[in-house]
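Structure first, commentary second.
Quick note: the coordinates plus some simple rules give every number you see, no bench work behind them. In this text the structure is predicted, and so the values were computed from the model without any measurement. Note that we place each Cβ from the backbone using ideal geometry, even for glycine, and neighbour counts take in every protein chain shown.
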Amino acid sequence: EAQVTQNPRYLITVTGKKLTVTCSQNMNHEYMSWYRQDPGLGLRQIYYSMNVEVTDKGDVPEGYKVSRKEKRNFPLILESPSPNQTSLYFCASSSRGYNEQFFGPGTRLTVL
Amino acid sequence: LAKTTQPISMDSYEGQEVNITCSHNNIATNDYITWYQQFPSQGPRFIIQGYKTKVTNEVASLFIPADRKSSTLSLPRVSLSDTAVYYCLVGDHGGGFKTIFGAGTRLFVKA
């Protein structure tokens, strides 16, 4: 089954404790992206990647890192999480830059 | 990326046709128009994409006038399960992956 998976689905952590949210797709897509969604603010893009080792900033990259060492994986790294990074995070992939994006199930992160 | 403007919310009744209009005055020549649907706590799901005139698939139609400065998503005979947020996106087909979703339109379908 074609899908985008994210782990963990739920995470509660404390300020400053490094964490990684994994994202994996099995559709051989070149493009992958991370979004965060907050009430009243809609979906905002954090980072995107057009291929292995090619990443670029979206609208809200501060406090986040990404890497794209393999085509199927695009982990989101929070080196020192803060409470303002409490949010619902989505990973997405597509076969080309503006083709249909397939979204993962989301990761709900709470930073205390 | 072209900015889009949509109504914040709409109400409808089951069985009615719903039309959601999106304004994108600064759409570029290479830009496509894409609509997504999102249910609470789920990722958005692709509905339809088009460049000009009319596109229809099994769930919706997309109407794009000749000047392409707006587009209308048409949902035929909505049901309660169509209650969701609908996003209009405009961007370069295949040219990159910078994406702006905007606030979307919250559709509430009543019995």
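In the structure shown, the pairs A:Lys17/A:Lys71; A:Lys18/A:Lys65; B:Lys3/B:Lys98; A:Lys71/B:Lys3 are assessed against 20 Å; a Cα-Cα span above that value is assigned to A:Lys17/A:Lys71; A:Lys71/B:Lys3.
Maximal additional length on extending the A:Leu112-A:Lys71 stretch stands at 11.5 nm, based on 0.36 nm per residue less the C-alpha distance. Taking label positions 7 Å along the Cα-Cβ direction at both A:Val14 and B:Val59, the computed distance is 4.3 nm, reported to one decimal. Separation of region A:41-89 and region B:44-111, taken as the distance between their Cα centroids, equals 26 angstrom. Counts of other chain beta carbons within 10 angstrom of each beta carbon in peptide B:39-48 average 5.
Could you work out the mean count of beta carbons from other protein chains within 10 Å of each residue's beta carbon in A:36-46?
On the way: counts 0, 5, 0, 0, 1, 2, 8, 13, 3, 5, 0.
Mean number of neighbouring Cβ atoms from other chains: 3.
Per residue of A:101-111, other chain Cβ atoms within 10 Å of the residue Cβ number 3 on average.
Listed from fewest to most Cβ neighbours within 10 Å, the set A:Phe74, B:Phe46, A:Phe90 follows the order B:Phe46, A:Phe90, A:Phe74. When B:Ile100, A:Ile12, B:Ile27 are arranged by Cβ crowding within 10 Å, least crowded first, meaning fewest neighbours, the order is A:Ile12, B:Ile100, B:Ile27.
The fewest-to-most ranking of A:Val54, B:Val18 by surrounding Cβ atoms within 10 Å reads A:Val54, B:Val18.
For region B:33-111, just say rounded, prolate or oblate: build the C-alpha gyration tensor, square-root its eigenvalues into a ≥ b ≥ c, call rounded for a/c under 1.5, and beyond that prolate if a/b exceeds b/c, oblate if not.
Working: a/c = 2.11, a/b = 1.31, b/c = 1.61.
Here region B:33-111 falls in the oblate category.
Rounded, prolate or oblate: which fits chain A when a ≥ b ≥ c are the square roots of the eigenvalues of the alpha-carbon gyration tensor, with rounded for a/c under 1.5 and prolate only if a/b beats b/c? Because a/c hits 1.5 or more and a/b exceeds b/c, chain A counts as prolate.
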